[in-house]
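J.: Starting off with a structure, shown below.
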Amino acid sequence: RNMESEPDSTGNRNGLVIPKNHRKLHLLKVDHLYHLALDTEKDDLEKMFGDVRFVCFGGQPSRMEKFSALVARELNIDDHEMDGDRPKNYAAGTDRYSIHKVGPVLSVSHGIGIPSLSVVFNEIIKLVHYAKCKDVEFFRIGTCGGLGLEPGTVVVTEKAVDGEMNPYYKLAVLGKPVQRLAKVDQTLLESLLRCSEPDDDFKTVKGTTFCSDDFYEGQARLDGAFCEYEEEDKMKFLQELRNKGVCNIEMESLGFLAMCHYAGVKGAVACVTLLDRLQQDTLSCDVSMLKRWQVRPQNVVLRHIKKKLHIT
Ligand code: R2B
Ligand code: URA
């Protein structure tokens with residue numbers, strides 16, 4: 001049977017997000033969003049999150065907290081909930097992930113890699129469902145390695161592929177492989193590209209994103225604990241990727257886009273390149289550079305959000 005045509009999965013209605021599993025979910029007396037420390041009994045999710053329209057994911061909790069402070073400044077919102085002098089972390093009951101909310105923008109951390117992303121993604125889809133959020137858009141705002149691009153360039157993902165160049169996210173379900181196509185929402189992609197400005201001190205480009213399940217060998221690095229290939233093998237591989245249109249390398253885009261598409265939610269990915277992988281493997285924690293660069297894809301997405309909210 002074709003899963004896509006099950007009555008369960010008629011897609012999202014009136015802009016609301018209907019989980020493909022909503023029939024079974026509604027049999028639950030309480031749904032525990034366990035890794036977010038939220039649930040449908042103690043938390044009035046509709047009251048807390050009902051006005052959310054943009055969900056922005058990124059790897060690190062601290063970066064997503066800073067993003068949320070930037071959202072407050074840029075959208076001129078000062079009535080959001082605080083915890084002392086910091087924006088409130090709604091997932092503070094656990095230290096797995098973080099959630100901050102400023103007006104219609106939710107900032108969520110997803111950790112490293114698709115497995116970590118997948119857990120929080122499931123729970124956030126259920127959260128926006130229970131909250132009855134309308135017309136939500138999802139973004140991943142991240143970091144990556146670039147291929148032949150000046151470090152600090154923003155790459156908007158046009159197509160995501162796995163470590164074997166397949167354009168789908170593969171998951172074993174009941175012991176059998178299931179493939180979900182990673183499809184970018186074209187209108188979001190084009191809108192993000194239009195958000196680059198001539199005065200920007202960085203370029204914004206679109207391209208294929210190579211999504212690996214590993215940071216070291218999976219990304220052809222020579223500086224991991226394991227490495228059975230030589231510099232020339234690495235260079236040959238990375239050049240091949242580049243010839244196939246790969247602009248950047250990271251660890252979540254494929255799962256993110258596949259899950260957005262499968263959930264029927266518009267999704268796009270914008271990442272800043274921290275280094276050129278044709279030149280180097282090693283990243284240092286140069287904080288001032290990181291601080292300056294990590295806001296670049298944040299600003300690109302924020303410009304899109306401001307346009308949608310008619311804020312100039
Ligand atoms: C980019 O940066 C992280 C690895 O350092 C990973 O989450 C990613 O996709
Ligand atoms: N994130 C990655 O996954 N790879 C890089 O090279 C940089 C950031």
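The values are calculated or read from the model by the stated rules, or taken from the named source; none is laboratory data. Predicted model, so just to flag it, every value in this text is computed and none were measured. Backbone-built Cβ (ideal geometry, glycine too); neighbour counts: all protein chains shown. Ligands, DNA and RNA are stripped out before the accessible areas are found, and what is left, the full protein with its side chains, is counted by its heavy atoms. Shrake-Rupley method; radii C 1.70, N 1.55, O 1.52, S 1.80 Å.
J.: Here are Lys126, Lys132, Lys159: which of them is under 30 Å from Arg242 (Cα atoms) and modelled with pLDDT of 95 or more?
T.: That would be Lys159, the only listed residue that is under 30 Å from Arg242 (Cα atoms) and modelled with pLDDT of 95 or more.
Yes/no matrix, rows are residues, columns are (1) closer than 23 Å to Val30 by Cα; (2) buried (at least 23 other Cβ atoms within 10 Å of the Cβ); (3) small (Gly, Ala, Ser):
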position: Pro61; (1), (2), (3): no, no, no
position: Asp83; (1), (2), (3): no, no, no
position: Arg96; (1), (2), (3): yes, no, no
position: Pro104; (1), (2), (3): no, no, no
position: His110; (1), (2), (3): no, yes, no
position: Gly113; (1), (2), (3): no, no, yes
position: Val119; (1), (2), (3): yes, no, no
position: His129; (1), (2), (3): yes, no, no
position: Phe139; (1), (2), (3): no, yes, no
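J.: If you don't mind, another one. Go through Phe226, Phe202 for me and flag whichever is under 18 Å from Gly142 (Cβ atoms), away from ligand 1 (no atom under 15 Å from the Cβ) and either without any contact (Cβ under 8 Å) to a residue 12 or more places away in the chain or open to solvent by 30 Å² or more (accessible area, probe 1.4 Å) (or both).
T.: Step by step, each of Phe226, Phe202 is checked, and only Phe202 is under 18 Å from Gly142 (Cβ atoms), away from ligand 1 (no atom under 15 Å from the Cβ) and either without any contact (Cβ under 8 Å) to a residue 12 or more places away in the chain or open to solvent by 30 Å² or more (accessible area, probe 1.4 Å) (or both).
J.: If you don't mind, another one. Within the set of pairs 6+ apart or on separate chains, which have a first residue in the stretch 36-63 that is over 29 Å from Cys285 (Cβ atoms), a second that is among the hydroxyl-bearing types (Ser, Thr, Tyr) and in a helix (DSSP H, G or I), and C-beta atoms under 8 Å apart?
T.: Matching pairs, first to second residue: Thr40/Tyr130; Leu45/Tyr130; Glu46/Tyr130.
J.: On the basis of being in contact (Cβ under 8 Å) with a residue 60 or more places away in the chain, within 16 Å of ligand 2 (Cβ to nearest atom) and open to solvent by 80 Å² or more (accessible area, probe 1.4 Å), does Glu150 make the cut?
T.: Yes: the conditions hold for Glu150.
J.: Quick check: anything in the stretch 205-214 away from ligand 2 (no atom under 15 Å from the Cβ), under 23 Å from Val102 (Cα atoms) and under 21 Å from the mean Cα position of the chain (by Cα)?
T.: Among the residues of the stretch 205-214, not one is away from ligand 2 (no atom under 15 Å from the Cβ), under 23 Å from Val102 (Cα atoms) and under 21 Å from the mean Cα position of the chain (by Cα), which makes the answer no.
J.: Oh, and also: Specify which of the listed residues (Cys195, Cys271, Cys260) is within 14 Å of ligand 1 (Cβ to nearest atom), modelled with pLDDT of 95 or more and open to solvent by less than 50 Å² (accessible area, probe 1.4 Å).
T.: That would be Cys271, the only listed residue that is within 14 Å of ligand 1 (Cβ to nearest atom), modelled with pLDDT of 95 or more and open to solvent by less than 50 Å² (accessible area, probe 1.4 Å).
J.: Restricted to the stretch 151-171, and to residues that are of a type in the set (Ser, Thr, Tyr) and within 16 Å of ligand 1 (Cβ to nearest atom), which residue is nearest to the chain's Cα centre (by Cα)?
T.: Looking at residues that are of a type in the set (Ser, Thr, Tyr) and within 16 Å of ligand 1 (Cβ to nearest atom), I get Thr157.
J.: Anything in the stretch 12-47 that is hydrophobic (A, V, I, L, M, F, W, C) and more than 16 Å from Asn122 (Cβ to Cβ)? List them, or say none.
T.: Leu16, Leu27, Val30 - these are the residues of the stretch 12-47 that are hydrophobic (A, V, I, L, M, F, W, C) and more than 16 Å from Asn122 (Cβ to Cβ).
J.: Separate question: Where the second residue is assigned to a helix (DSSP H, G or I) and of a type in the set (Gly, Ala, Ser) and the first is touching a residue at least 12 places away in the same chain (Cβ under 8 Å) and lies in the stretch 126-140, which pairs have Cβ atoms under 9 Å and are six or more apart or on separate chains?
T.: What qualifies is Phe138/Ala263; Arg140/Ser253.
J.: Can you tell me which residues in the stretch 232-243 are more than 15 Å from ligand 2 (Cβ to nearest atom) and either open to solvent by 100 Å² or more (accessible area, probe 1.4 Å) or within 23 Å of the chain's Cα centre (by Cα) (or both)?
T.: Listed by number, the residues that qualify are Glu232, Lys236, Asn243.
J.: With Ile141, Ile124 as the choices, which residue is within 16 Å of ligand 2 (Cβ to nearest atom) and either touching a strand residue (DSSP E or B) at 6+ places or on another chain (Cβ under 7 Å) or among the hydrophobic types (A, V, I, L, M, F, W, C) (or both)? Break it down into steps so the answer makes sense when it comes.
T.: Numbers: Ile124 fails: within 16 Å of ligand 2 (Cβ to nearest atom).
Just one listed residue meets the conditions, Ile141.
J.: Now for a different question. Limited to the stretch 258-284, what total is found for residues that are within 16 Å of ligand 2 (Cβ to nearest atom) and of a type in the set (Lys, Arg)? So that I can check it myself, show each step before the final result.
T.: At the first step, the residues of the stretch 258-284 found to be within 16 Å of ligand 2 (Cβ to nearest atom) are 269-284.
Checking which are of a type in the set (Lys, Arg) leaves us with 277.
Number of matching residues: 1.
J.: Could we say that Glu217 is open to solvent by 10 Å² or more (accessible area, probe 1.4 Å), farther than 21 Å from Ile112 by Cβ and among the charged types (D, E, K, R) here? Talk me through it step by step, then tell me what you get.
T.: Numbers: open to solvent by 10 Å² or more (accessible area, probe 1.4 Å): yes; farther than 21 Å from Ile112 by Cβ: no; among the charged types (D, E, K, R): yes.
For Glu217, the condition - open to solvent by 10 Å² or more (accessible area, probe 1.4 Å), farther than 21 Å from Ile112 by Cβ and among the charged types (D, E, K, R) - is not met.
J.: Also, I was wondering about something else. Working carefully through the options Gly207, Gly218, find the one that is more than 17 Å from Cys271 (Cα to Cα) and modelled with pLDDT of 95 or more.
T.: On the way: Gly207 fails: more than 17 Å from Cys271 (Cα to Cα).
Unique residue meeting the criteria: Gly218.
J.: How many of the residues making up the stretch 282-292 are surrounded by 13 or more Cβ atoms within 10 Å (Cβ to Cβ) and either of a type in the set (Val, Ile, Thr) or more than 12 Å from ligand 1 (Cβ to nearest atom) (or both)?
T.: 2
J.: Given (1) modelled with pLDDT of 95 or more; (2) in a helix (DSSP H, G or I); (3) open to solvent by less than 50 Å² (accessible area, probe 1.4 Å), identify the lone condition not met by Asp8.
T.: Evaluating Asp8 over (1) modelled with pLDDT of 95 or more; (2) in a helix (DSSP H, G or I); (3) open to solvent by less than 50 Å² (accessible area, probe 1.4 Å) leaves (1) as the failure.
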